[in-house]
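To keep things clear, I will list the structure first and then write my remarks on it.
The values are calculated or read from the model by the stated rules, or taken from the named source; none is laboratory data. What you are looking at is a predicted structure, and each value in this text was computed from that prediction instead of being measured. FYI the Cβ positions are ideal-geometry reconstructions off the backbone, even for glycines, and counts take in every protein chain you see. The accessibility values were calculated without ligands, DNA or RNA, using every heavy atom of the protein model including side chains. Shrake-Rupley method; radii C 1.70, N 1.55, O 1.52, S 1.80 Å.
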Amino acid sequence: RNRCQRLGLSGNARNWFLTGNPDSYRNFFGKGLRCLLDVPHTSGQEVNRNAHHSSGRFFSQSSQPLGEKIPSLLISSVGQAPRRFPAWNIQINGSFHTSASLQAAPVPLFWIIVKPAQKLFAIILGRSIRNWWKALPPNKRELFKESARKNKWKILLGVSSLGVVFVMFYFTHLEETPITGRARLLVFGKEHFRELSQMEYDMWMEQFKNQMLPETDARYQVVERVVGHLSESNKDVPQVSALKWVIHVVDEPGVNAFVLPNGQVFVFTGLLEAVSDIHQLSFILGHEIAHAVLEHAAEKASLVHFLDFLSLIFLTMIWAICPRDSLAVVGQWIQSKLQEFMFDRPYSRTLEAEADKVGLQFAAKACVDVRASSVFWQQMELAETIQGQPKLPEWLSTHPSHENRAEHLDRLIPEALKIRESCNCPSLSGPDPRLIFRLNMQHLLESSKGRKPPNSTKQDPSKPKLDFPHT
């Protein structure tokens with residue numbers, strides 16, 4: 001049996017997250033968290049930080065009515081009684097991406113330099129072949145075609161040999177993913193990525209040097225204790241215990257978090273404002289830790305490297321066949337988009353789903369209420385709907401849609417609950433947070449149906465139109 005840690009969570013401590021009791025909110029950063037996540041602080045975090053305080057706001061999954069003004073969600077400030085804010089004033093940074101806007105680690109430095117040169121070489125080679133063919137006299141063109149017909153089997157053998165080389169390269173660079181055992185292509189060494197992640201760490205620290213919260217800030221301490229408890233509860237996993245997890249909390253409104261391959265954890269305060277409770281935050285950070293543990297950055301860069309090398313052949317052919325440069329540019333753009341939407345983005349969504357699964361397991365071993373994981377994505381979908389943000393098809397995104405993500409987690413929750421039980425965690429008390437969210441949504445819909453602006457049937461342009469198709 002895996003070594004599991006018990007999270008000291010009483011029924012009352014868990015209930016106040018769900019009911020939105022004002023007194024319990026005042027205790028959130030006090031004795032409540034000291035009881036919930038009483039683990040040693042991570043040492044070695046000697047990063048200079050400039051404090052920039054802002055009040056933390058949290059969505060509340062309240063079993064009480066959502067308020068007279070529809071739509072509104074109950075949000076509380078740290079150490080204060082709850083206040084009501086219009087839901088469309090909650091800042092949502094597009095769709096929530098728990099990975100950094102850049103990849104979790106830079107691709108190896110040599111590939112950054114070589115990649116543009118390879119594409120340029122393919123373009124020059126293809127264009128030279130086209131110009132050479134145009135310059136040939138008609139009789140020589142016919143002789144060349146006749147020679148190609150006579151040696152078609154030799155040409156076919158050469159192309160087939162090249163294909164065999166690529167297939168052999170692919171299968172000789174396969175290895176198993178930690179924990180899940182999934183076969184994946186890995187071209188670059190993991191140690192190189194951890195070294196190069198220091199470069200990206202320096203970049204982020206320079207960018208956010210004036211926005212880092214100090215270690216004395218309550219929000220920093222929450223993140224530190226959650227990460228510490230997750231790593232302590234999963235230290236039987238070699239990849240978790242091998243890394244030193246260092247916390248950085250950035251005072252940024254974007255709903256975002258990411259973990260570099262060397263264990264540097266970055267959390268934006270916008271994420272702390274978007275979560276309802278400690279359970280949702282624990283799952284999200286477990287998801288990010290899973291990305292680092294599963295070495296998704298090296299895996300994704302390896303796939304891109306392999307596909308880009310293959311695409312050089314097609315790029316050369318495009319520039320050789322197209323009669324004009326303008327058509328070649330269009331053909332190159334189409335080829336790059338086909339690669340992006342047929343391989344790159346679907347693969348990214350697969351990695352996100354895998355990180356959700358492993359992150360949920362990490363949270364379960366830490367005795368977190370894993371049922372809260374799907375509620376978070378339903379909340380994100382609700383917030384975006386209230387703000388009137390357009391919903392793009394999932395195939396256009398590198399991440400699964402909020403709806404599909406919540407459904408995927410709902411399917412994984414029964415297994416996670418079994419893991420939680422095997423770790424001798426305290427029994428979950430109180431109602432299921434998913435049920436509470438559905439009841440609140442039902443109340444919101446029923447209240448909004450009977451309300452119309454007096455003496456007007458027009459939509460107020462300052463407030464987005466409500467539409468809850470997935471409730």
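Structure summary
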read-out	value
Solvent exposure, largest accessible area first (probe 1.4 Å, DNA, RNA and ligands not counted), of LEU412, LEU213	LEU412, LEU213
VAL330-SER447 pseudo-label distance in nm [points 7 Å out on the Cα-to-Cβ vector]	5.4
For the stretch 298-396, alpha-carbon Rg over 2.2 N^0.38 Å	1.59
The stretch 108-172 - convex hull of alpha carbons, volume per residue in Å³	82
For CYS322, solvent-accessible area (1.4 Å; no DNA, RNA or ligand), Å²	30
MET441, MET203, reordered so the largest accessible area comes first (probe 1.4 Å)	MET203, MET441
Rounded FRET efficiency, nearest 0.05, which uses the C-beta distance separating LYS150 from ASN404 and R0 of 45 Å	0.25
P(r) histogram, all alpha-carbon pairs of the stretch 222-263 included - 5 Å bins from 0, percent	5, 20, 28, 25, 13, 7, 2
ASN210 paired with LYS244, simple spin-label distance in nm, labels 7 Å along Cα-to-beta-carbon	3.0
Between the stretch 159-184 and the stretch 363-435, the alpha-carbon center distance in angstrom	33
Contour minus Cα-Cα distance for ASP236 and GLU191 (0.36 nm per residue)	14.1 nm
Leading residue at positive end of dipole, the stretch 108-172 (Cβ point charges), from LEU120, SER161, PHE144	PHE144
Cβ-Cβ FRET estimate between GLU415 and TRP395, R0 fixed at 41 Å, reported to 0.05	0.90
Surface/4 estimate of mean projected area, convex hull on alpha-carbon atoms of the stretch 175-304, nm²	8.2
Evaluated at q = 0.19, 0.21, 0.29 Å⁻¹: base-10 log I(q)/I(0), Debye formula over Cα of the stretch 374-429	-0.75, -0.83, -1.15
For the stretch 108-172, accessible area per residue (1.4 Å probe, heavy atoms of protein chains only), Å²	80
Listed pairs LYS300/LYS337; LYS119/LYS337; LYS235/LYS357; LYS337/LYS391; LYS209/LYS391; LYS209/LYS244 exceeding 26 Å between Cα atoms	LYS209/LYS391
Kirkwood-type radius of the stretch 190-445, with distances r between different C-alpha atoms, in Å	20.3
Length gained when the stretch MET203-ASP344 is fully extended (0.36 nm per residue, less Cα-Cα span)	48.3 nm
Size of charge dipole - the stretch 190-445 - debye, nearest 20, with Cβ of Lys, Arg +1 and Asp, Glu -1, no other charges	460
